[in-house]
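Engineer: Here it is, the structure in full.
The values are calculated or read from the model by the stated rules, or taken from the named source; none is laboratory data. As the structure is a prediction and not an experimental result, all values here were calculated from the model. For the accessible areas, the whole protein counts, side chains as well, though only heavy atoms, and no ligand, DNA or RNA atoms are used. Shrake-Rupley method; radii C 1.70, N 1.55, O 1.52, S 1.80 Å.
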Amino acid sequence: MKKNIYLNVFLFLTFAISLSSCVNQKKFVYFQNTRNESDTINTIAPYVPKIQQGDILSIPITSLNAAASSFFNPYSSSVSANPTDLGSTSPMGNATPNTSSNSPSGYLVDQNGMIEIPLLGSIKLEGLTTSEARDVIKNKLKTYIKEPSVNVRFLNYKISVMGEVAKPSVYFIPNERVTIAEALAMAGDVTVYAKRENVLIVRDNNGKKEFGRVNLNSRDVFVSPYYYLHSGDLVYVEQGRSKAAQSDPTIRLLPVILSTIAAAFLIIYRSK
């Protein structure tokens, strides 16, 4: 009778140890087909950023007359044509902040939504896309130079990624468009401890903080309003319970304790 008790306890402990080491593989699979959809899905329209107060713009101006164009380029010696020169670049094309005093400068959009260009004076650009801002400036330039060419780009288009990712950081986006999948790829992907089904995006929306969540395990992420990230967005990947549990020394030692007890019961069972 006692041998059966020892055997049952041993089998129970062995089962408990196996459960403690089980991993649900579905938690690690991105973009699962949860609704038996077809192999195609309609995504949301790409996000087109608009100029806001506090933005920093690069606005190089050229024309057939280089000397005349130079009057309109006060930052030509300090602004690089490549926005990734804001900091160190990676093969993915993202850039990290450069905290040195040599960081390039550009036109700051003031609290009235205006910038100041030599000779042209104050120009309101708030609420415009970069292509719309280019047309506004080009029309004003025609009074002074022939066939002007204008390029307007953001110098401060950035997103922050933090939490359970390989490389949490602030990333500057040179092409002014980035999806949440691309942002996480730039950050080295999420770790094995991340909660992929509950990624938080914090966004500034008309002076208020907006909180949204996406599930990376589902294809619904492609139709989420947070699929395309906005400048200034914060992506926070929450840690799962498995990592929190690992910080508890008792839970970390639980498999060892169970294995030791199971071995003891096996020795007692065989000795009977």
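Engineer: Measure up LYS158/LYS208; LYS167/LYS195; LYS158/LYS195; LYS50/LYS146; LYS158/LYS209 against 22 Å on the Cα-Cα distance and list the ones that go over.
Structural biologist: Too far apart for the 22 Å limit: LYS158/LYS195; LYS50/LYS146.
Engineer: Using only alpha-carbon positions, what ratio does the radius of gyration of region 118-181 give when scaled by 2.2 N^0.38 Å?
Structural biologist: 1.59
Engineer: Suppose accessible area is computed on protein heavy atoms with a 1.4 Å probe; arrange VAL202, VAL109 from highest to lowest.
Structural biologist: VAL202, VAL109
Engineer: Top to bottom by accessible area (1.4 Å), largest first, where do SER122, SER160, SER218 land?
Structural biologist: So the residues, ranked largest to smallest area, are SER122, SER160, SER218.
Engineer: Taking a 1.4 Å probe, which of ILE201, ILE56 shows the most accessible area, and what order do the others take after it?
Structural biologist: Result, largest first: ILE56, ILE201.
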